[in-house]
Ligand code: SRM
Ligand SMILES: Cc1cc2nc3c(=O)[nH]c(=O)nc-3n(C[C@H](O)[C@H](O)[C@H](O)COP(=O)(O)OP(=O)(O)OC[C@H]3O[C@@H](n4cnc5c(N)ncnc54)[C@H](O)[C@@H]3O)c2cc1C
Ligand code: SF4
Ligand code: FES
């Protein structure tokens, strides 16, 4: 949870029950899509929805542990850091998120930035 | 009084003679053994694994000191015999020991060939033959240091691999233009080179070593072309020479090796010789299998039985580098009067070559897939006529491979005289007899009693299977197969068995029962568990959408731009104006093209996720169901027009295709399952590359199984012929159900058949009509729950306002909230 952000930047993305646990949904915003992910342990994360590899929609991936796997070529992103899990590389933006009264609040300003993958990994070859 | 037997050379061949002799005539001799090395007898072959760190020296010991003591054998270690006084029948050792004999056995082995090259004496230049040398190498092997191996034969490559495993930077320098030229032809050698390079081992071919540089310690290897390769360690493995020094000095006739007759007797009738030191009929030796056969013969004569004869058999070589499967036997280069059968699959890294002369198999070279080596070896050794087998020879038969579980069935059908352990010449019959007669229970016991798998170890899997087969339910082998994924220790087989036996019906329950290491698995195990649960407990286990791969979860194929393609069923590939109109209207509405698929269907691509339910609703209105083009499921039934239209048609392939598709659709399978029905052997529906293919003939249908033309191409195997449509369907259902119940997740039917063997499939689906009906019945029962159109269940679901929790809707920013 990040409290440095002003409340004006937080948006309500609906009830937390709208997302299966584990599961994910796409949240379209004016600044691009955000993947809102709920893990099996009940934690909620919000990350940029474009895979660092070739832009695959992470909101459509399989959620396991505190990770999500891109549906296109299988890159795995660590939800807390936004970083791709080795042997892949790159990162997606991580957005602050909190659950308030059963509703999901997402901060639109990311707390960490995206980075492309270096193309040398297994998923790049699968593309 | 006992006669005196002296063995000179406490190595693999010599001690084997003693063992065989003790079994035949335990009390005939008072035995003394002289060995130059300071150890008991150890398995030299395994030095490669000691070097790589896969085994410790202790694991290689074959006969420790206690073994000799227990049998009253005098053992002199670190004791080199320097002379034989044949007139007095005495051996004289370097330390002055003198011992008398009635019979003498020479088994002095071979010595590495060393080149008389400048710098050959430098510290750090060594050969690879015994424990002392391995220890010296390990002293110098440090991660990041450089090793150069001179010689790209079996020994050199195993040295290179071992040093690489120890973290060294390794280069192999080889004089010839291909690796292991005595065992491999050019294509196989090229594949091997690629695999080695992929493992980080550099290979220099056509490179002649000129010498070693350095002051005291080796610093570099110099090549003829002027290059120098820096080296902290240089291993020379360019060949071996029979160790004949002692025999020669004692006046025993030697050429390249100590010359022996068919009884392993030298020119002095009191003196026998076995092992790498001998020359028999002009041949010398470098692998243990022939030496152990020599040992049997020598023991037979020493025991006074006197009837065994040594004769050469084809030699087989395997390379002991983890992950590289290579087998070479007999004459693989062909030549006058030889024909070659060759199969290459560069994608899988598989190459097979079989050499045939006069309808007999005389050579086999297998790279990447050595499953059928035993079978080939038997055919070769027995000189069997292979003309009948020829069409399928390259594919092998459902014979026993090395791979863990896969042979359980093949073991059952294996003839008793099939050689299982090539090193020790142990047949299946001998193993079974030892297990039953002596009441053996473990692999170690079988090893101890029969020697099977005691040498190079590559047949361990087979021996375990025979043990398991012979003991029935009493034996559980060491896990051979890999765990399903890193979340668990359990294999696919174990997971399936637990689900069945413990009646597990949910993923969390299964994970708990099997001590999963992760809280909710991973994308590898969850889809597998989900499949195993729903296929084992139809109507009971609930499908878990979150454990489905993306396409299966959303019932469409995601495309590279994040849109989806929609492929409805066109039963048997037949469509009509009404259906075409529906598809055309949709294409127009969404402004997308229509693609005719490889499976005789129409694909509507570029549909956005949120539009999928609407598209499906329209299709459903016109009775068009999901084609499951996204699933590990029954796909299309590709059909040709058949006798209703075609002038050659012998059967109504279209009719049968449609009927099968209507009965089979909706079934989930370990991997995709495709069918094809052709009306005559011209086979326009390409049925013989389908998982299940049906081909019409005058008298009915031929049923074919296990084809694919995906990543790898495999033509089907013929299952049987049937007369009627009903029979065809019953056989197809039984086959499909067997695959559904016993295939591993993501194992295509082709791979499954290769694992379990066609004879097994025939046994289950053909031999017993009642069993077939039961399988088909179980399939029909499962279909009651499976034939629910997933599109219909989701059609019409639109915006998040209708169904906020629905997969196809995005979340929305709720403006007025909070
Ligand atoms: C649509 C189609 C290509 C076409 O435009 O014709 C197609 C499209 C795809 N195939 Fe295929 N295959 C199509 C016919 C084939 C065929 C030909 C056939 O069925 O006669 C084959 C080889 C035959 C076979 O399976 O033995 C084929 C072998 C594969 C394979 C390799 C399977 C294998 O075991 O080696 C894959 C990968 C996989 O399944 O893991 C694959 C995977 C795919 C996927 C689903 C890739 C994916 O996972 O997303 C493709 C979806 C593309 C998309 O965006 O829609 N596709 N695919 C064909 C649909 C047939 C249908 O109507 O159902
Ligand atoms: C690293 C390595 C890997 C191998 N891998 C394989 C494989 O995978 N498959 C395979 O089939 N084969 C393999 N071999 C070959 C196999 O080990 C030999 O064929 C086998 O050991 C030869 O047996 P032997 O008894 O003739 O000789 P050895 O086992 O060498 O025994 C001879 C013994 O005699 C002793 N000796 C010699 N002269 C005297 C003397 N004057 N007085 C006293 N003692 C003496 C020597 O010190 C030695 O201990 C490998 C060999 C090595 C080195
Ligand atoms: S062959 Fe199949 S998987 Fe490959 S691009 Fe074509 S449709 Fe896609
Ligand atoms: S786009 Fe995500 S792995 Fe390729």
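Return the residues of segment B:1-34 that are crowded, with 24+ Cβ neighbours inside 10 Å and in a loop (DSSP other than H, G, I, E, B); say none if nothing qualifies.
The answer is B:9, B:10, B:11.
Per-residue answers, yes or no, for (1) modelled with pLDDT of 95 or more; (2) within 13 Å of chain B (Cβ to nearest Cβ); (3) over 24 Å from residue B:553 (Cα atoms):
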{"residue": "A:55", "(1), (2), (3)": "no, yes, no"}
{"residue": "A:58", "(1), (2), (3)": "yes, yes, no"}
{"residue": "A:67", "(1), (2), (3)": "yes, yes, no"}
{"residue": "A:74", "(1), (2), (3)": "no, yes, no"}
{"residue": "A:87", "(1), (2), (3)": "no, no, yes"}
{"residue": "A:107", "(1), (2), (3)": "no, yes, yes"}
{"residue": "A:113", "(1), (2), (3)": "no, no, yes"}
{"residue": "A:116", "(1), (2), (3)": "no, no, yes"}
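Considering only residues that are within 10 Å of another protein chain (Cβ to nearest Cβ) and modelled with pLDDT of 75 or more, which ones fall in segment B:784-818?
Result: B:807, B:809, B:810, B:811, B:812, B:813, B:814.
Could you check, for segment B:730-740, whether at least one of its residues is buried (at least 23 other Cβ atoms within 10 Å of the Cβ) and out of contact with any helix residue (DSSP H, G or I) (no Cβ under 7 Å at 6 or more places or on another chain)?
No, that holds for no residue.
More than 25 Å from residue B:752 (Cα to Cα) and in contact with a strand residue (DSSP E or B) (Cβ under 8 Å, 6 or more places away or on another chain): which single residue out of B:334, B:349 fits that description?
After applying the criteria, what remains is B:334.
Give the residue that is nearest to residue B:657 (Cα to Cα), with candidates limited to residues of segment B:608-630 that are more than 14 Å from every other protein chain (Cβ to nearest Cβ) and near ligand 1 (Cβ under 9 Å from one of its atoms).
As a first pass, look at segment B:608-630 and keep what is more than 14 Å from every other protein chain (Cβ to nearest Cβ): B:611, B:613-629.
Checking the rest, the ones that are also near ligand 1 (Cβ under 9 Å from one of its atoms) come to B:627-629.
Numbers: B:627: 15, B:628: 17, B:629: 17 Å.
Out of the qualifying residues, it is B:627.
Filter segment B:221-249 down to the residues that are buried (at least 18 other Cβ atoms within 10 Å of the Cβ) and more than 12 Å from residue B:150 (Cα to Cα) and list them by number.
Result: B:232, B:240, B:242, B:243, B:244, B:246, B:247.
Restricting to segment B:696-736, name every residue that is on the phi < 0 side of the Ramachandran plot and in a loop (DSSP other than H, G, I, E, B).
B:698, B:699, B:707, B:710, B:711, B:712, B:715, B:716, B:723, B:724
Tell me yes or no: at least one residue of segment A:39-52 is without any contact (Cβ under 8 Å) to a residue 24 or more places away in the chain and at the interface with another protein chain (Cβ under 9 Å from one of its Cβ atoms).
Among the residues of segment A:39-52, not one is without any contact (Cβ under 8 Å) to a residue 24 or more places away in the chain and at the interface with another protein chain (Cβ under 9 Å from one of its Cβ atoms), which makes the answer no.
For (1) closer than 23 Å to residue B:184 by Cβ; (2) at pLDDT 95 or above, each residue gets a yes or a no:
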residue	(1), (2)
B:141	no, no
B:152	yes, yes
B:157	yes, yes
B:165	yes, no
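Does residue B:104 count as under 35 Å from the mean Cα position of the chain (by Cα) and touching a residue at least 24 places away in the same chain (Cβ under 8 Å)?
no
For segment B:555-571, which positions are facing chain A (nearest Cβ under 10 Å) and either away from ligand 4 (no atom under 16 Å from the Cβ) or under 26 Å from residue B:493 (Cβ atoms) (or both)?
none
Working carefully through the options B:717, B:726, B:698, find the one that is surrounded by fewer than 24 Cβ atoms within 10 Å (Cβ to Cβ), more than 16 Å from ligand 1 (Cβ to nearest atom) and touching a residue at least 12 places away in the same chain (Cβ under 8 Å).
B:698
Name every residue in segment B:617-636 that is touching a strand residue (DSSP E or B) at 6+ places or on another chain (Cβ under 8 Å) and either within 16 Å of ligand 4 (Cβ to nearest atom) or part of a helix (DSSP H, G or I) (or both), in order of residue number.
If we filter segment B:617-636 for residues that are touching a strand residue (DSSP E or B) at 6+ places or on another chain (Cβ under 8 Å), which is where we start, we get B:619, B:624-636.
Residue satisfying the conditions is B:619 alone.
Identify, please: which residue in segment B:505-522 is closer than 16 Å to residue B:492 by Cβ and within 7 Å of chain A (Cβ to nearest Cβ) and is, among those, surrounded by the most Cβ atoms within 10 Å (Cβ to Cβ)?
B:521
When you check residue B:686 against the structure, is it more than 14 Å from chain A (Cβ to nearest Cβ) and touching a strand residue (DSSP E or B) at 6+ places or on another chain (Cβ under 7 Å), yes or no?
yes
So residue B:99 passes all but one of these: (1) surrounded by fewer than 14 Cβ atoms within 10 Å (Cβ to Cβ); (2) farther than 23 Å from residue B:157 by Cβ. Which condition number does it fail?
(1)
Listed residues B:493, B:528; which is away from chain A (no Cβ under 11 Å), modelled with pLDDT of 95 or more and surrounded by 15 or more Cβ atoms within 10 Å (Cβ to Cβ)?
B:528
Answer yes or no: is there a residue in segment A:76-85 that is within 15 Å of ligand 4 (Cβ to nearest atom), modelled with pLDDT of 90 or more, surrounded by 23 or more Cβ atoms within 10 Å (Cβ to Cβ) and under 20 Å from residue B:610 (Cβ atoms).
Within segment A:76-85, none of the residues are within 15 Å of ligand 4 (Cβ to nearest atom), modelled with pLDDT of 90 or more, surrounded by 23 or more Cβ atoms within 10 Å (Cβ to Cβ) and under 20 Å from residue B:610 (Cβ atoms).
Out of all the residues in segment B:705-714, which are over 18 Å from residue B:393 (Cα atoms) and either out of contact with any strand residue (DSSP E or B) (no Cβ under 7 Å at 6 or more places or on another chain) or free of Cβ contacts under 8 Å to residues at least 24 places away in the same chain (or both)?
Passing the criteria: B:709, B:710, B:711.
Here is a check on your reading of the model: is residue A:36 closer than 16 Å to residue A:98 by Cβ, crowded, with 19+ Cβ neighbours inside 10 Å, facing another protein chain (nearest Cβ under 7 Å) and in contact with a strand residue (DSSP E or B) (Cβ under 6 Å, 6 or more places away or on another chain)?
When the stated conditions are applied, residue A:36 passes them.
The values are calculated or read from the model by the stated rules, or taken from the named source; none is laboratory data. Computed from a prediction, not measured in an experiment: that's the story for all the values here. Reconstructed Cβ throughout: ideal geometry from the backbone, glycine too, with neighbour counts over all protein chains shown.
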